[in-house]
């Protein structure tokens, strides 16, 4: 038996599922003249070749194969082009054909190879395949054979079902930790689990990077892990992953000009992920050229493509070590002006997308920065305006999709705010605060939100010439502060907002801002338990809105007054106010406020002994919170339903609601 495999790796973890799928595929294969093809695909450094070798050995142990042949196709490429005739020569020699007996003509050599492999029982490992045509002529002419192919991406040229496709994700934290402990069995890993976890996170599930980390730990046996962490970060950033860096350099050298430009710019994209649309904005290449460039990067093994089912365009990312490689190439070949131009273009595009998502999610409302113009050559994200359809169900679906986009892209929005602030783009910083505000209403108690809103206040103060910005941004910051218990700091922001409101003019926009400041002062009073004074502020704000006039502002203050009246024990007044507000929000299709007013009204009805009406409204609020993915609202509605079930003696149902509420709070960091 001929076995052309290197010695087995000493340290190998995970990948059990892929190995089991390979064995199952061989067991179930029924073709007589066509071999089974098993495709392992992943970016360089994730252990494709090692897994292929392991699968080949496993198949030899379990099935009656007579030979295992292995060919790295990169060894047969010249200037990026493969000569399949040379590969066939190598395979025929491995199969026992003397070199002077190998056919000289390519077509004859193919026929000779197929004749030699007809009926053979062999495992053929083809490493570093780039295109399906590289493989087709190398397939043995036998259904009793198996071909294991490793590639950077899917081989789309194969017919559907022709390959048992096994994509390899990065190692998860548990498997990556296990591999690191095998590479370097060191007491420091157990003694400092936080630092060990940080090392694992830095390697981002890349086995090659974990080997670099293990070598560094072994080389410095007296240093604590916390100190080695900085050394590892510097080594990965400056030198790359040993044994993989030259592969990435070679792949980069083969890229087209547009793909190389995009690769150099991607590490300058704010946030951990990007989309086709945002990459187009960053690169300035145009949608079709950028799409081709991304496909090229994926085929070259320089991009980890991950489509998220909840986003229309899908999100992608560069693995940490690959991102560092791209940044090294950028430092060598990209000018500062080119990076700055790309980032400014992206920021302005992203501000517009976030503004549109905010508008479609929350509806028309008070904002202090107008909608940004489209970026030439970069299409908007395919979100649709709920107001552009008369079908209420379609409109609701559109609003939910916009909210989902904002949720999925929140980390990029936060990162764009940081970048815009660092570049002193104050208008962009203030504009981004509005969608962050909308996101925070459904997902409170996030430290990143407070950081964004603090930064926004700083930009408004730094700008210094817009009183409306000062009022709006300070009110925005005050709310998450009092929600997190920082009542004194929230009070400072409200006092400053009220002072800035004195500088406002008499335009409709300025009068809305003045009313909003009074409303926020009342909300802070409510957070302090001063509900009588809060009710006065809400009533005063409602009169300010009536004077403008602003029907939506009137409805909102009616809702606030209903909540305050309920807190003060005037349940009939609260019921009337909240019923009026709820009906108005339904008429205006305000998704979030329909749900929240339903929740508030249900609480009042429950206290008035009208349990059936309360339950129906709680269920309505629950459904709307679920569509918005608001863990905060979902948890409190489940708590309210638990109280309702307890009062009615439905104790098992009540406990189920409480358990769900606890789970939601833990999952959303609301405990």
Packing-based order for 408-414, 169-175, using average beta carbon neighbours within 10 Å, highest first: 408-414, 169-175
On Cα atoms only, tilt of 106-117 relative to the major axis of the chain in degrees: 90
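Defining a contact as two alpha carbons under 8 Å apart and six or more residues distant in sequence, what relative contact order in percent does the chain show? Could you put the intermediate results ahead of the total?
On the way: 1024 pairs, mean separation 53.2, N = 671.
Relative contact order here is 8 percent.
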Over segment 173-238, relative contact order from alpha-carbon pairs under 8 Å, at least 6 apart, %: 37
Spin-label pair residue 653/residue 256, simplified geometry with 7 Å Cα→Cβ offset, distance in nm: 6.1
Counting DSSP beta bridges with both ends in the chain, the antiparallel % (nearest 5): 20
Helix 591-607 vs. the chain, principal-axis angle (Cα, 0 to 90°, nearest 10): 60
Fully extended contour minus Cα-Cα distance, from residue 390 to residue 422, at 0.36 nm per residue: 7.2 nm
Pairwise label distance in nanometres, residue 462 with residue 530, each label 7 Å out on the Cα-Cβ vector: 3.3
Label-point separation, residue 107 to residue 220 (7 Å along Cα→Cβ), nm: 6.3
Distance between segment 559-624 and segment 1-65 - C-alpha centres, whole angstrom: 61
Ordering of 46-56, 334-344, 565-575 by packing [mean C-beta count within 10 Å, highest first]: 46-56, 565-575, 334-344
Sequence of 106, 263, 113 once ranked by neighbouring C-beta atoms within 10 Å, starting from the fewest: 106, 113, 263
Peptides ranked, highest mean first, by Cβ atoms within 10 Å: ranges 639-652, 317-330, 30-43: 317-330, 30-43, 639-652
Estimated 222 nm signal from helices in the chain, with DSSP H stretches of n ≥ 4 weighted -39500 (n - 2.57), rounded to 500: -20500 deg cm²/dmol
Whether segment 293-428 is rounded, prolate or oblate, judged on the alpha carbon gyration tensor where a/c under 1.5 counts as rounded: oblate
Whether segment 557-671 is rounded, prolate or oblate, judged on the alpha carbon gyration tensor where a/c under 1.5 counts as rounded: oblate
Cα gyration tensor category, rounded, prolate or oblate, for segment 173-238 with a/c compared to 1.5: rounded
Label corresponding to Rg and Dmax of the Cα atoms in Å when calculated from the structure given, among (1) 28.8, 93; (2) 31.0, 102; (3) 26.3, 86: (2)
C-alpha long axis of helix 426-442 to longest principal axis of the chain, angle in °: 80
Fully extended contour minus Cα-Cα distance, from residue 190 to residue 28, at 0.36 nm per residue: 54.0 nm
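Read-outs throughout are calculated quantities, based only on the coordinates presented, and are distinct from any laboratory measurement. Keep in mind the model is a prediction, meaning the values are calculated, not measured. Backbone-built Cβ (ideal geometry, glycine too); neighbour counts: all protein chains shown.
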